[in-house]
Structures are given as structure tokens and as C-alpha cells.
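Values in this text are rule-based calculations from the coordinates and carry no lab data. Quick caveat: nothing in here was measured; it's all calculated off a predicted structure. All Cβ positions, glycine included, derive from the backbone under ideal geometry; neighbour counts span all protein chains shown.
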Amino acid sequence: MEAESRVPGPPPLSGSPAGSEGGATAAAPRPSAPGAARAPPPPAAPEELAFDDDEEDLEVFSKDTSLTEANSFSPLIPTSPSSMINQYKFEDEPELRDLLISVDDPESHITAIETFVTYRVVTKTSRGEFDSSEYEVRRRYQDFLWLKSRLEEAHPTLIIPPLPEKFIMKGMVERFSDEFIETRRKALHKFLNRIAEHPTLTFNEDFKIFLTAQAWELSSHKKQGPGLFSRMGQTVRAVACSVRGGGVKNRPHMFTDINDYMETFNQKINLIDRISQRIYKEERGYYCEMKEYGPIHTLWCASEEDLVDSLKGVASCIDKCCKATENRMAGLSENLLPVLHEYVLYSEILTGVLKRRDQIQAELDSKVDALSNKKAEKDLLTEEIGNLEDKVECANNALKADWDRWKQNMQHDMKTAFLNVTENNIHYYEQCLATWESFLTSQTVDLHLGEDSEDKP
């Protein structure tokens, strides 16, 4: 793996750097992660979502756009459907950022025992705890998995952003294809920037080491983590708590409500994700049929001299609609599908967070029961109970704060995705309608001219 380097640079950072996402100074995405600073959110949404009642897919995360509610449309703006949609949007104002991260430049590595891809991670910062203002390192997917694992260990009741799945469904896309690698690169870029925008995770020491350490330093640091037997012990305790209690005795009502909410959310978001994937697949099939449909009319011209203009006109319309369909598919794959699948993964993460909170609560409940049943070791149990009460309180407060942040951003991301799809659909249908109306007008004029010529003696 190629060596990483530290590059001195200017200390203060403001806004986003120039350049595309693919470059070393690519602009970090606008805040959409839990804890990110953002423009004022829309009016409070209802507590419940307004939805009707082997290996996994890789996903990409979408771009974010701030929303504002509008009760009326400006008379100065044309009231076509597209312009109405645009009035719901406004650009995020520049914000001061002290940590900017980009993931780019994927490289394939082939060794005698494995093939893997590394990505360049460029960090620019003005924080005092960093020794330099700019870092450039290379990381592979396993390094991202390690970081996520360490964040979960350090902050068990915080909502850690999701990573793209390690595997994809067979037949969808090859693991080392350009499409797969680019999809994963975008997801990893999103993952790191969500952490950077989180008020607590951004200051995690393992996150700093991930961004700054050279390959050998990171490898050495990984070996200092909890060993196999320690991790096994944690797993055994978690299983024991779940088997022993089944459910905690004194769970606060708030977390019962969150658990119920997530059960409904998980069901709905998975259903919408599956249907959206199916719609996209059918749209792709329609697009492929359209690509074959147009040229048939062009070939038909050779045997129908009197219909040449009409056939060529139809072929041209189909070609334009085919391109519009391609753009519509791109909108779905960039604006809707990634957001839906991200929150499918988030629902799994939140389920795990709630279980870890309940595990801490169950441990406290068991000590309280032991204290009431045992007179011996009373002092020791009292001390343990006090420590566990503090631990439960910290876990509850951390999850409460992160839950509010996550829910606000989830609602923002969903509204943004749905508005983007609405705008894309309106543009698609307007474009197709204009194409066919133009053809119809030209054919009607030609038909009238032909009838007039026939009426002349």
C-alpha cells in the first residue's frame, strides 16, 4: 500500500473548497448527518411517518438540499409546475467548517493472496489538536469497518452513520467494476463527512488517527484495541441479558415509544425501498425497449416512401423521450434510491443502539434485584448500582440527543428526496409532452396542406 504523507497548508477554513468531489480538494457535502449545523429546519413534522400502512445491495448516499415551506407562490415567478417546485428550495448559506474530508482516487491492488481497492482520504483542518493543516492517506474498506467498530465501542448509544455493505447481490454489478468502486467511494465519502459533522464523533481519537496516521501507524494502533476474548465477553453478556430478561423492567416510556416508532419505520422504509428498486428495474427495461423501438421506424422508411417524414418524426420523438427517460433514471438512482437505502441501514443501526441501551438497563436491574435478595456484599453492590445508574443516565442522555438530531435530519432528507423526484418527474413529462405536441402540430399542418392540394382543379 502506498505511503501516506502530511502536507502543510493554510490554517483557516471557510465554506467548502473549490473543485469537484473527485479531486483532492473536493467539496465536502452539505451537512445532513446527525449533529450537522444546517439552515433552520421546516416546521415540526408529526411524530410518526406519514406513510401508508445471503448478500445485500451496495448503496450510495445522496446530495442534500435545504428546504423551506412556502404557503404561497410569488407572482413574479411563472407558475409552471417546475417553477413551483423550485420555490420550495434554497441553497445552504456558506458555513464555517474546521474539518473538510474528501475520498477519491481509488486504486486496485493485486497480491498473491488477495485483491483489494484503496481510496485516497484528504483532510483539511484548522483544529488545534491536529499537528498539520492537511493530511493525505490511503485507506481500504477494512479500515473503514475498523473505524465504525471502534466508534460503536466508544459510543454504544450514539447513532453511528452506516457504511455501504461489504457485498452486493450477484448479477447486479461486478465487485471490482468501475460502477461498483465509484458507488462505494461516494458512500465512504458520505460516511466520513457524517462523522466529521457529528458534535461528538468528530472528536473521537480513533477518527483522528484514521484521518492522519500512516499505514504502519494505523496497523500498530489497531493491534492495541480490545482483544478477541474481550469482544467475546461483551457478546456473551449481551446474549445473557437478552435471554435472561427478554425485556427490561424499568425502560423509560420515551425509549419504548422510540422502539415502537422504529418497528413501524423499519417496515415502511424496507417496503418503499424494495418497491422503488423494482420500479427502477422496470424503468430500465422500458428504456432498453425504447432504444430498440425508435430505429425500427427509421428502417421502415426504406419501404414506405410516402411515410418517410412521419416515420422519421416518430423515430425522432422516441429518441428524445428515450434520452428523457435516461435522465429520469439518473435522477432516481442519485436522488431517491440512495436515500431510501441509507435509512434502511440506519433502521438496523438504531435497532442495535436501542438494544445496547436496554442491555445497560438490564444490567442495572439485575444488580438492584441482587441487592434486595442479598444482605452480604451490600456495600459492593451499592457501589456497582451507583456506577450503573450513572452509566444508564449517560446512555439515555446520549441517545435522546442523537435521536432528535437523527429524526430531524431523516425528515429533511426524505422531503428533499421526494421533492427532487417530483421535480424530475415534472420535467420528464413536460419534455415528452412538448416533443409529441411538436410532432403532432407538424403532422397536422402537413395533412391540411395535402388536403388543400387535392381540392385544387
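Data overview
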{"item": "Span per principal axis, largest first, for the Cα atoms of the stretch 386-432 (Å)", "result": "68, 10, 5"}
{"item": "For peptides 128-137, 284-293, sequence by mean Cβ density within 10 Å, most packed first", "result": "128-137, 284-293"}
{"item": "Coordinate range along principal axes, alpha carbons of the stretch 296-440, Å, largest first", "result": "105, 25, 15"}
{"item": "Shape box of the stretch 106-158 [Cα atoms, principal axes, largest first, Å]", "result": "41, 31, 14"}
{"item": "Gained length - residue 154 relative to residue 366, 0.36 nm times residue gap less alpha-carbon distance", "result": "74.0 nm"}
{"item": "Cα-centred dipole magnitude for the stretch 296-397, charges only on beta-carbon of K, R (+1) and D, E (-1), debye, nearest 20", "result": "180"}
{"item": "Spatially proximal lysines relative to residue 367 (Cα-Cα < 26 Å; intrachain offsets below 8 disregarded)", "result": "249, 355, 375, 378, 391, 400"}
{"item": "Shape metrics for the stretch 344-410, restricted to C-alpha atoms - Rg then Dmax, Å", "result": "15.5, 50"}
{"item": "Rounded, prolate or oblate (a/c below 1.5 giving rounded, otherwise prolate when a/b exceeds b/c) for the stretch 252-364 by Cα gyration tensor", "result": "prolate"}
{"item": "Dimensions in Å of the stretch 246-286 - Rg and Dmax from alpha carbons", "result": "17.0, 55"}
